[in-house]
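Asker: This structure is in C-alpha cells; I'll ask about it shortly.
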Amino acid sequence: SASLRTEFLGRQYENPFMNASGVHCLTIDELEELSNSKAGAFITKSSTEVEREGNPEPRYYSTPLGSINSMGLPNRGFKYYLDYVLDYQDKHPAANTPFFSVAGMSIDENLKLLRAIQDSAFDGVTELNLSCPNVPGKPQLAYDFEVTEELLSKVFSFFKKPLGVKLPPYFDFAHFDTAASILNKFPLAYVNCINSVGNGLYVDLETESVVIKPKNGFGGIGGEYVKPTALANVRGFYTRLNSSIKIIGTGGIRTGQDAFEHLLCGATMLQVGTELYEEGVSVFERLLHELEDIMNKKGYTSIDEFRGKLSSL
Ligand SMILES: O=C1NC(=O)NC(C(=O)O)N1
C-alpha cells in the first residue's frame, strides 16, 4: 500500500506534511505540539533579531474560503527560537531538526541572523522569508529582483548550511523567468512557493467594514482562494529551476487531493497554513490518510512515482 516516506535534502521524513511558518509555531508550547503531531516536519515562526509585538489586533480573520492576516511578524526574537532548536537537537538526536525561519527587517539584519545560524551548532534547514506582505512600509523583498540577487550573493558568500527561500506569488511568466534566472545562480536547497497573496481585502457585508485592523484591512490571503496561484508557482519554478533546487508547496492545502495536486506539480515537502490554523494539529493525520487513499486508488506506492509528472494537453 501507499507510503508517504519523503527524502528532502538528504534527510528522511515519514511524510511530506509540515506547518507553514507563522502558523502554530510562535511559542515553545505550539512547537512541541507540532513535534508530537503526525506532521512529518515543522518550522519556527519567522524571527527577527529582537522580539516583536506585531500589528494591532484584530489581525487574523477566518473567511468561508480561507483567511486574511496582517500579523506583522510578531515573534519572541531570534534567540528564543535558536535556543529551542538547539535544545531540540540535544533532546531528539535521532529526529530531524525543525526548520528555522528568519525574516530580518533589513539586508543587514538578515545577514546578521544567518551568520549567527552558520556559526551555531544548528544542523537543520533554514528558511529565509523574502515575502512577508504585512510590515507597514516594507514591500515584499522578493518583488525587488535586484535586492534579492544582492542579498543572496552576500548570504552565499558565508552561509554553507541548507537554505531555502520563502517566495511571494508571481503572476507573470516574465517574473517566473527573471526570478528563476536569479535563483539558479545560487546553491539554494529549495524555494517555498507561496507565501500569502499579499494585500487582499475582505469586506464584511453586515458591518460594511473591513475585518482586520492593520493597513485599513489589507492583508495576506490564504486558503482555497490561493490554490491555483500556489500550484502555478510550484509548477512555474519546478520547470525553470535546476533540479538541485527542490520545491516546497504551500497554499490552499486543505485536503489530500490538494496535497496530491501540489506533488503532481513538483513539490517535495508540503506546508499547511490556514487549514492548520482552523483545524489544529489533527489536520496532519487527516491529510496523510486522505493522500494515502488517493494514492492507493490510483495504484501508487510511493510519491516518487508521480511527483512532478503533471501532463500538458
Ligand atoms: O510572511 C508572512 N506571511 C504572512 O502571511 N503573514 C506573516 C506576518 O504577517 O507576520 N508573515
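Asker: Where does the charge balance sit around LEU288 when Lys and Arg score +1, Asp and Glu -1, over other residues with C-beta under 9 Å from its C-beta?
Answerer: Numbers: positive: LYS38, ARG286; negative: GLU14, GLU285, GLU290, GLU292.
Net local charge, LEU288 excluded: -2.
Asker: Averaging the inverse of every distinct alpha carbon separation and then flipping it gives the Kirkwood radius. What is it for the chain, in angstrom units? Walk me through the numbers before you get to the answer.
Answerer: On the way: mean 1/r = 0.0513 Å⁻¹.
It is 19.5 Å.
Asker: Find how many whole Å separate the alpha carbon centroid of the stretch 166-191 from the alpha carbon centroid of the stretch 29-92.
Answerer: Spelled out, the Cα-based centre of one part sits 25 Å from the other.
Asker: When the Karplus curve 6.51 cos²θ - 1.76 cosθ + 1.60 is applied with θ = phi - 60°, which whole-Hz ³J(HN,Hα) does each residue of the stretch 220-231 get, with x for Gly and Pro?
Answerer: Karplus-based 3J(HN,Hα) across the stretch 220-231 equals x, 9, x, x, 4, 3, 9, 4, x, 6, 5, 4 Hz.
Asker: Express as a percent, rounded to the nearest 5, the fraction of DSSP beta bridges in the chain (both residues included) that run antiparallel. Walk me through the numbers on the way to the answer.
Answerer: On the way: 17 of 40 bridges.
Restricted to the chain, the bridges split so that about 45 percent are antiparallel.
Asker: Send over the Kirkwood Rh of the stretch 116-224, from the inverse of the averaged 1/r over different Cα pairs, rounded to one decimal Å.
Answerer: Details: mean 1/r = 0.0634 Å⁻¹.
By the Kirkwood definition, the hydrodynamic radius is 15.8 Å.
Asker: Take the alpha-carbon centre of the stretch 96-162, take the same for the stretch 217-270, and report the distance between them in whole Å.
Answerer: 21
Asker: Oh, and also: Could you size up the charge dipole of the stretch 2-65 around its Cα centre, putting +1 on the beta carbon of Lys and Arg and -1 on that of Asp and Glu, and report it in debye to the nearest 20? Don't jump to the answer; show the numbers that get you there.
Answerer: Details: 6 positive and 10 negative charges, 67 e Å.
Charge dipole, the stretch 2-65, about its Cα centre: 320 debye, nearest 20.
Asker: Treating only the Cβ of Lys, Arg, Asp and Glu as charged (+1, +1, -1, -1), what charge dipole size does the chain show about its Cα centre? Round to the nearest 20 debye. Walk me through the numbers on the way to the answer.
Answerer: On the way: 29 positive and 39 negative charges, 162 e Å.
Computed about the Cα centre, the dipole is about 780 debye.
Asker: Hey, another quick one. Rounded, prolate or oblate for the stretch 1-125? Axes are the square roots of the Cα gyration tensor eigenvalues, ordered a ≥ b ≥ c, and the cut-off for rounded is a/c under 1.5. Write down the numbers at each step before the final one.
Answerer: Details: a/c = 1.96, a/b = 1.15, b/c = 1.71.
It is oblate, given that a/c is not under 1.5 and a/b is not larger than b/c.
Asker: Please work out, to two decimal places, the log10 of the ratio I(q)/I(0) at q = 0.25, 0.30, 0.34 Å⁻¹ from a Debye calculation in which every Cα of the stretch 88-131 carries one identical scatterer.
Answerer: The Debye formula, applied to the Cα set alone, gives -0.88, -1.08, -1.23.
Asker: Turning to a different aspect of this structure: Just from its helices, what would the mean residue ellipticity at 222 nm be for the chain, if runs of 4 or more DSSP H residues each count -39500 (n - 2.57) and the sum is divided by every residue, rounded to the nearest 500 deg cm²/dmol? Mind dumping the intermediate values first?
Answerer: Numbers: 9 runs with 100 residues, N = 313.
Only helices count here, giving -9500 deg cm²/dmol.
Asker: Find which of ASN184, SER302, GLN257 sits farthest along the positive direction of the dipole of the chain, computed with +1 on the beta-carbon of Lys and Arg, -1 on that of Asp and Glu, about the Cα centre.
Answerer: Comparing the listed Cα positions along the dipole, ASN184 ranks first.
Asker: Placing unit charges on C-beta atoms (Lys and Arg positive, Asp and Glu negative, everything else neutral), compute the dipole magnitude of the stretch 252-313 about its Cα centre in debye, rounded to 20.
Answerer: On the way: 6 positive and 11 negative charges, 54 e Å.
Once rounded to the nearest 20, the dipole reads 260 debye.
Asker: Right, here's the next one. FRET efficiency for LEU313 and ASP87, Cβ-Cβ distance as r, R0 = 51 Å, nearest 0.05? Can you show the working numbers first?
Answerer: Working: r = 51 Å, r/R0 = 1.00.
E between LEU313 and ASP87, to the nearest 0.05, is 0.50.
Asker: Sort 50-59, 158-167, 130-139 by the packing proxy (mean of other Cβ within 10 Å over each peptide's residues), most packed first. Don't skip to the answer; put the middle values down first.
Answerer: Working: 50-59: 14.8, 158-167: 20.0, 130-139: 17.9.
Order by mean packing, descending: 158-167, 130-139, 50-59.
Asker: Follow-up. For the stretch 171-313, I need the span (max minus min coordinate) of the C-alpha atoms along each principal axis, in Å, sorted largest to smallest.
Answerer: 50, 38, 31
Asker: Which residues' amide hydrogens lie under 5 Å from the amide hydrogen of ASN199, considering only partners 5 or more residues apart or on another chain, with H built in the peptide plane?
Answerer: Sorted by chain and number, the residues that satisfy this are GLY219, GLY220, ILE221.
Asker: Also: Which of ILE245, LEU276, LEU287 sits closest to the plus end of the dipole of the stretch 225-291, meaning its Cα is farthest towards the positive end, when Lys and Arg get +1 and Asp and Glu get -1 on the C-beta?
Answerer: Comparing the listed Cα positions along the dipole, ILE245 ranks first.
Asker: Mind listing which GluC sites (Glu not before Pro) in the stretch 157-236 are in a DSSP loop and have 15 or fewer other Cβ atoms within 10 Å?
Answerer: Numbers: sites: GLU206, GLU208, GLU224; in loops: GLU206, GLU208.
Sparse-neighbourhood loop GluC sites (Glu not before Pro): GLU206, GLU208.
Asker: Another question, then. Please list the non-local residues whose amide H lies under 5 Å from the amide H of ILE43, H modeled 1.01 Å from N, same-chain partners needing a gap of 5 or more.
Answerer: The answer is ASN19, PHE99.
Asker: Next question. If you take every residue apart from SER62 with its C-beta less than 13 Å away from the C-beta of SER62, what net charge results, scoring Lys and Arg +1 and Asp and Glu -1?
Answerer: Numbers: positive: ARG59, ARG254; negative: ASP204, GLU224, GLU275, GLU278, GLU279.
Surrounding charge for SER62 is -3.
Asker: Give a residue-ordered list of calculated ³J(HN,Hα) values for the stretch 258-265 (Karplus: 6.51 cos²θ - 1.76 cosθ + 1.60, θ = phi - 60°; whole Hz; x for Gly, Pro).
Answerer: Listing the rounded values in order: 4, 5, 4, 4, 5, 5, 4, 6 Hz.
Bear in mind these aren't lab numbers, they're just calculated from the coordinates by the rules spelled out. Owing to the predicted nature of the structure, the values given are computational and were not obtained by experimental measurement. Every residue, glycine among them, receives a Cβ derived from its backbone with ideal geometry; neighbour counts consider all protein chains shown.
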